[in-house]
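Notes for the one structure printed next.
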Amino acid sequence: MSARTLRFYEEKGLLAPRRNGEQRLYGRRDRARLRYVLMSKRVGFSLEDVREMLDLYDLGDGRRKQLQVALAKFQERSAQLEEQRAEVDRAIAELARASLEIQAMLAASANDEG
């Protein structure tokens, strides 16, 4: 991960490292937040979604609200990905069917020439 990416996440309020002059010191909390950001980005969450979930951590309710919101968002994203997978499966099946038709036309064309 580049320093530029870390600064970007810091600008977006996702990380808040301590500073020692120009040096940024990332503590345990920032590293955990960074892991959460990276995982969330991999599965398609926006940075705004990630910030919303992370900001709920500081409510002081034992993380209950954060966990409830995260669970709802995770389940929603999972459903979206399942639908996308179904769409991809349908597209693959359609391409396979069309490919078989084209192969049959090519075979018929070759037989007509021969």
What list of ³J(HN,Hα) couplings, whole Hz, do you get for segment 21-29 from phi and the Karplus terms 6.51, -1.76, 1.60, once you set θ to phi - 60° and write x for glycine and proline? x, 7, 7, 9, 10, 8, x, 4, 4
In the Gaussian network model of the chain, springs joining C-alpha atoms below 10 Å, which of Glu82, Glu48, Glu94 carries the largest mean-square fluctuation? Glu94
On Cα atoms only, tilt of 64-113 relative to the major axis of the chain in degrees: 20
Could you pull out which residues in segment 1-24 have an amide N less than 12 Å from a spot 7 Å beyond the Cα of Asp58, following the Cα-Cβ vector? 13-17
Distance in nm between label sites at Arg35 and Val69, each 7 Å beyond Cα in the beta-carbon direction? 2.1
In nm, to one decimal, how far is the Ala96 label point from the Leu47 one, both placed 7 Å along Cα→Cβ? 4.1
Tally Lys and Arg at +1 and Asp and Glu at -1 over the other residues with C-beta under 14 Å from the C-beta of Leu106: what net charge comes out? -3
So what is the relative contact order for segment 33-113, in percent, with contacts set as C-alpha pairs under 8 Å and at least six apart? 17
Which FRET efficiency value, to the nearest 0.05, is calculated for Thr5 and Asp89 with the Förster distance at 30 angstrom and r the Cβ-Cβ distance? 0.35
When the chain is treated as a GNM, springs tying every alpha-carbon pair under 10 Å, which of Glu52, Glu83, Glu22 comes out with the largest mean-square fluctuation? Glu22
For segment 1-85, the dipole about the Cα centre with charges only on Cβ (Lys and Arg +1, Asp and Glu -1), to the nearest 20 debye, works out at 460
Where labels lie 7 Å past Cα in the beta-carbon direction, separation of Tyr26 and Glu76 in nm: 2.8
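Bear in mind that the values in this text are calculations on the coordinates, not laboratory data. All values derive from a computational prediction rather than experimental measurement. Every residue, glycine as well, gets a Cβ built from its backbone with ideal geometry; the counts of neighbours run over all protein chains shown.
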